Amino acid sequence: MDDTTGKPHGESDVIPPHGGFRKLLSFQKARLIYDVTVLFCDRYVERGSRTRDQMVQAARSGAQNIAEGSQASGTTKKIEINLTNIARSSLEELRLDYEDFLRHHGLPQLPADHPSLMRLKAKRPDTLEEVRAWVRAERGRAVGDVQGQPGTDAEKLLSSAALAANGALTLLNLCCHLLDRQVASQAAAFEKDGGFSERLYRIRKKALEKRRRSRKPPDDPKPLENQP
């Protein structure tokens, strides 16, 4: 706590609370996408290829720019919106890379209501291990009568690579949706409240008005006729 302002350190009327990106669902999902993409590229994308580097960098850019935008929001809403848009664009690029991977390898891109993807959505994974557990479970279904429950013909076509890519696309669809809403919210807040310059002007104007009100007017001199 700041003894001079009574506010937590780093907060003031001029610079509002900011930097809470770790609590943003968009950041949490973007970081999970980064973890999934690093492992995916390590297993299924040729080492040293340009595509591998692009996918990892795009995934990293998504999470990093959400964090940087949140941190910058205290002093510039324009940069916050810009960085959030960059994060959204990076993840869109990554989404295309996963779609290309499936197409180039003759693997299916599953519809959003496919049973495997519905089970992933129901799990709401927060960690890489939870995504890996989902892939293992779906592979168990795909290979057939492991536990006396044979998989369907459609499920038998799903390799680990196909499942991992489709799982990543499901996470990307969610994260991109969250970022679209986040950018819209940031733009509305900027339109309503303005940015740092406008906030600084309002606070300075309020301080000047308070200072003027606190000044006592000089005492009126006594009329001459009342003087002895």
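The values are calculated or read from the model by the stated rules, or taken from the named source; none is laboratory data. Just so it is clear, the model here is predicted, and its values are computed rather than measured. Note that each Cβ is placed from the backbone with ideal geometry, even for glycine, and that neighbours are counted across all protein chains shown.
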Discussion item. Being of a type in the set (A, V, I, L, M, F, W, C) and farther than 21 Å from Met55 by Cβ is the filter here; which residues of the stretch 98-145 pass it?
Written reply: Ala112, Met118, Ala122, Ala133, Ala137, Ala142, Val143
Worksheet, complete the sentence: Among residues of the stretch 128-143 being among the aliphatic types (A, V, I, L, M) and part of a helix (DSSP H, G or I), the residue surrounded by the most Cβ atoms within 10 Å (Cβ to Cβ) is Val131
Response to the item:
Scanning the stretch 85-111 for residues that are aliphatic (A, V, I, L, M) and in contact (Cβ under 8 Å) with a residue 40 or more places away in the chain gives Ala87, Leu91, Leu94, Leu102, Leu107, Leu110
Fill in: Subset of the stretch 120-131 (residues that are at negative phi, without any contact (Cβ under 8 Å) to a residue 24 or more places away in the chain and charged (D, E, K, R))
Lys123, Glu129, Glu130
Worksheet entry | Breaking point among (1) at pLDDT 95 or above; (2) not in a helix (DSSP H, G or I), for Ser116 | (2)
Worksheet item: Out of Pro150, Pro218, Pro125, which single residue is modelled with pLDDT of 90 or more and part of a loop (DSSP other than H, G, I, E, B)?
Response: Pro125
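Residue-wise test of (1) touching a Cys at 6+ places or on another chain (Cβ under 7 Å); (2) in a helix (DSSP H, G or I); (3) on the phi > 0 side of the Ramachandran plot; (4) at pLDDT 90 or above.
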site	(1), (2), (3), (4)
Arg52	yes, yes, no, yes
Val56	yes, yes, no, yes
Arg60	no, yes, no, yes
Ile66	no, yes, no, yes
Ile79	no, yes, no, no
Ala87	no, yes, no, yes
Leu91	yes, yes, no, yes
Leu96	no, yes, no, yes
Glu99	no, yes, no, yes
Discussion item. Name the residue that is farthest from the chain's Cα centre (by Cα), counting only residues in the stretch 81-110 that are closer than 16 Å to Gln57 by Cα and of a type in the set (Lys, Arg).
Written reply: Arg95
Worksheet item: Would the stretch 112-119 turn up any residue that is touching a residue at least 60 places away in the same chain (Cβ under 8 Å) and either touching a helix residue (DSSP H, G or I) at 6+ places or on another chain (Cβ under 8 Å) or of a type in the set (S, T, N, Q) (or both)?
Response: yes
Worksheet item: Does Glu155 satisfy being in a helix (DSSP H, G or I), surrounded by 13 or more Cβ atoms within 10 Å (Cβ to Cβ), of a type outside the set (A, V, I, L, M, F, W, C) and at pLDDT 55 or above?
Response: no
Item to complete: Working only within the stretch 81-127, note down all residues that are of a type in the set (Ser, Thr, Tyr) and surrounded by fewer than 19 Cβ atoms within 10 Å (Cβ to Cβ).
Response: Ser89, Thr127
